[in-house]
Amino acid sequence: MRKALTLSAIILASSMALGGATTAFAADAPAPAGSSSPTTDGRTTDGTTSGGHAHAAAAGLTLSASSAKPGASVSFQMDVPDGSTHLSVSSKALADVKMTEGRGGTAVVADVKEGDHGVSLTGTGPDGATLQATARLHVTADAPAPKPTPRPSTLNLSTDFGRPGDKVVVTVKTAEKNAFVKSDAFGGQVNLRSDGKGSFTGTATVAKDVKSGYYGVHAFAGGEEFDVVKFSTEAKAGPAPHHDVKPLDPSLHKTPKGSVNTGQAPAGLLPETSNA
């Protein structure tokens, strides 16, 4: 019985000694990773509150462009500590977000309203702390397609010369809805007909009373004069002068010698085309 008590006392003493040593070792040893201890201001040595919740660790997000239009491709770069996990980049302004090797990624600008949109980075740091960062992307609306520059109006005449009554084909090419020409050489205005494809044509007639000289042909499109060309004319010659032929006075008529006055030419003066 005495031996049993002695053994129990030894065991108890040993146990107390070991327990004291274990407590002392734990107090001297450094805190394991991810753990924290409170500071005098109520925060832990790693920046968390004394409640043990990890604070947001330093992180950054950079976009390859500060503005882009819908459908454009943009890339991004994440500035996070090594060993970070669960990294994610999201935004209403981005679609088809893909992470690439390293700390980057790509995305396509979504079809959203024009203006500034936020882009968020979230993740978990190597110490379990939350990673957060934001960037701004300005989405621009597609610029309206520029209106095609209308081709300048042109005038063409089938000829630049005419006599009274001559016909002249007039052609005007324009983007306007109407066209005509004016000229004293044509007796005034000549209306042209459209083919529906930007070409206007008509036939002008040189005025009957036109005088020889030069006239301007003024071309109009959409009510505005855009060109004037020179047209020359030549008045028709008047009728051939008329000479009255009077009968020969018989007293002046001479009868050739050796012939009979028959009113016909002598046989020797017949035309060469005669067979006589």
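Bear in mind these aren't lab numbers, they're just calculated from the coordinates by the rules spelled out. Keep in mind the model is a prediction, meaning the values are calculated, not measured. All Cβ positions, glycine included, derive from the backbone under ideal geometry; neighbour counts span all protein chains shown.
Where in segment 101-117 is the amide nitrogen less than 19 Å from a point lying 7 Å along the Cα-to-Cβ axis of Ser67?
So the set is 109-117.
Report, in cubic angstrom per residue, the convex hull volume of the C-alpha atoms of segment 78-147. Write out the running numbers ahead of the final one.
Details: hull volume 6.5 nm³, N = 70.
Taking only Cα atoms, segment 78-147 has a hull volume of 93 Å³ per residue.
Zone of Thr130 (label point 7 Å along Cα→Cβ, backbone N under 16 Å): which residues in segment 67-89?
85-89
Quick one: length gained pulling Val169 to Lys113 fully straight, 0.36 nm per residue minus the C-alpha distance? Can you show the working numbers first?
Details: separation 56, 0.36 × 56 = 20.16 nm, distance 5.59 nm.
Value of the extension gain: 14.6 nm.
Near Gly165, within a Cβ-to-Cβ distance under 10 Å, what is the net charge of the other residues, with Lys and Arg +1 and Asp and Glu -1? List each step's numbers first, then the result.
Working: positive: Arg163, Lys167, Lys208, Lys236; negative: Asp166.
In short, +3.
So which GluC sites (Glu not before Pro) in segment 90-184 pass both tests, a DSSP loop state and at most 10 other Cβ atoms within 10 Å of the Cβ? Don't jump to the answer; show the numbers that get you there.
On the way: sites: Glu101, Glu114, Glu176; in loops: Glu101, Glu114, Glu176.
Passing both the DSSP loop test and the Cβ count: Glu101.
What pairs in Lys69/Lys92; Lys177/Lys208; Lys92/Lys113; Lys69/Lys113; Lys167/Lys208 have C-alpha atoms more than 21 Å from each other?
Beyond 21 Å between Cα atoms: Lys177/Lys208.
Once label points are set 7 Å from the Cα along Cα→Cβ at both Ser212 and Leu87, what is their separation, rounded to one decimal in nm?
Distance between label points: 9.4 nm.
Return the distance in nm (one decimal) between the two label points of a simple spin-label model at Asp195 and Ala145, each offset 7 Å from Cα along Cα→Cβ.
Output for this residue pair reads 2.5 nm.
Please compute the length gained on full extension between Lys177 and Ala95, using 0.36 nm multiplied by the number of residues separating them and subtracting their Cα-Cα distance. If you can, show how the numbers build up before the last one.
Working: separation 82, 0.36 × 82 = 29.52 nm, distance 4.69 nm.
Value of the extension gain: 24.8 nm.
Tally Lys/Arg at +1 and Asp/Glu at -1 over every other residue whose Cβ is under 11 Å from the Cβ of Gly104; what's the total?
Values: positive: Lys98, Arg103; negative: Asp79, Glu101.
Once all neighbours under 11 Å are counted, the net charge is 0.
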